[in-house]
């Protein structure tokens, strides 16, 4: 934690850009952290937001899309592991589907071609990765729920 606080403090003091944060080298130890620190990931996501690559909505935007689900124009695709998605698939079988992020390429034929895709995960990170994967396969109408289920719960969305 101290290392991360030090990195953020230095970034703030020296006014690092998003690009500099995304490529900043930070020490790590495999049992305790990833080679790409969360600061790098956040900066990469911010850069992709600025460039229009990461498109998404917050909790209120999700609720607005969810309220329009009966039109049939949306597929709410949960890219968490199946046990996490199962309660929502059972509660909303016509509107909630599940393809774990790690299986997107393998199960790509299950992604509806005629609907806008709204990606959901726990925090938004897996949904963002799934968005990149789907767009790589040619799916353009994809949105991520920023902050994922954690943000929806904190906001008070009732699902």
Burial ordering of 41, 29, fewest other beta-carbon atoms within 10 Å first
29, 41
222 nm [θ] for the chain, helices only, -39500 (n - 2.57) per DSSP H run of 4+, per residue, to 500?
-13000 deg cm²/dmol
Kirkwood Rh in Å, taken over the range 2-50 so that all alpha-carbon pairs contribute:
11.1 Å
Using the 2.2 N^0.38 Å rule of thumb for compact globular proteins, work out how the chain stacks up: its C-alpha Rg over that value, please.
1.14
So what's the range 40-105 giving for Cα Rg divided by 2.2 N^0.38 Å, two decimals?
1.31
I need 121, 75, 97 ordered by Cβ neighbour count within 10 Å, fewest first.
97, 75, 121
Specify the angular offset, from 0 to 90 degrees and rounded to the nearest 10, of the alpha carbon long axis of helix 125-136 from the longest principal axis of the alpha carbons in the chain.
70 degrees
Could you line up 36, 149 from fewest to most neighbouring Cβ atoms inside 10 Å?
36, 149
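Values quoted throughout were computed directly from the atomic coordinates according to the rules given, and no laboratory measurement underlies them. Quick caveat: nothing in here was measured; it's all calculated off a predicted structure. Note that each Cβ is placed from the backbone with ideal geometry, even for glycine, and that neighbours are counted across all protein chains shown.
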